[in-house]
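Each remark here refers to the structure printed beneath this line.
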Amino acid sequence: MSDIGLIILASGLLIGLGALGAAVGLGILGGKLLEGVARQPEMSPMLMGRMFLMAGLVDAVPMIGVGIGLYLLFVRAAG
C-alpha cells in the first residue's frame with residue numbers, strides 16, 4: 001500500500017473511531033443522567049448542567065481527531 005493509501009486509512013480510522021467513542025460516551029452519560037433524575041428529581045437542574053459540561057468535554061476529543069484527520073487528508077496526502 002502506498003503512503004497516500006496509508007494516510008487516507010489513518011484519517012478514516014481517526015475520524016470514525018473518534019465518532020464511535022463519543023457516541024458511546026454520550027450514550028452512557030445520558031443513561032446515567034436519566035438514572036440520577038429518576039432517583040432525585042429535585043436535583044434535575046444541577047445534574048443537567050453538569051451533563052452538558054461533560055458532554056462538551058466528551059465532544060472535544062473527537063473534534064480534535066477530526067481536525068487531525070482532515071489535516072492528514074488534505075495537507076499530507078495532497079503534498
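The values are calculated or read from the model by the stated rules, or taken from the named source; none is laboratory data. Predicted model only: the values in this text are computed from it and were never measured. Note that each Cβ is placed from the backbone with ideal geometry, even for glycine, and that neighbours are counted across all protein chains shown.
Some points to look at:
- Among the residues examined, ALA10 does not qualify as among the hydrophobic types (A, V, I, L, M, F, W, C) and loosely packed, with under 14 Cβ neighbours inside 10 Å.
- Contact annotation: no residue pair with Cβ atoms under 6 Å, 6 or more positions apart or on different chains, pairs a residue in the range 32-58 that is under 16 Å from ALA22 (Cβ atoms) with a partner that is at pLDDT 95 or above and not hydrophobic (A, V, I, L, M, F, W, C).
- Candidate set: the range 28-79, residues that are in contact with a Ser or Thr (Cβ under 8 Å, 6 or more places away or on another chain) and of a type in the set (Gly, Ala, Ser); chosen: the one farthest from GLY12 (Cα to Cα): ALA77
- Residue within the range 7-25 that is in contact with a helix residue (DSSP H, G or I) (Cβ under 8 Å, 6 or more places away or on another chain), within 30 Å of ALA77 (Cα to Cα) and of a type in the set (Ser, Thr, Tyr) present: yes
- Residues considered: SER44, SER11, SER2. Of these, the only one that is of a type in the set (Gly, Ala, Ser), modelled with pLDDT under 90 and at negative phi is SER2.
- The condition of being at pLDDT 95 or above, exposed (fewer than 13 other Cβ atoms within 10 Å of the Cβ) and part of a helix (DSSP H, G or I) holds for only one of GLY36, GLY56, GLY31, GLY67, that being GLY31.
- In the range 50-68, the residues that are under 17 Å from GLU35 (Cβ atoms) and of a type outside the set (A, V, I, L, M, F, W, C): ARG50
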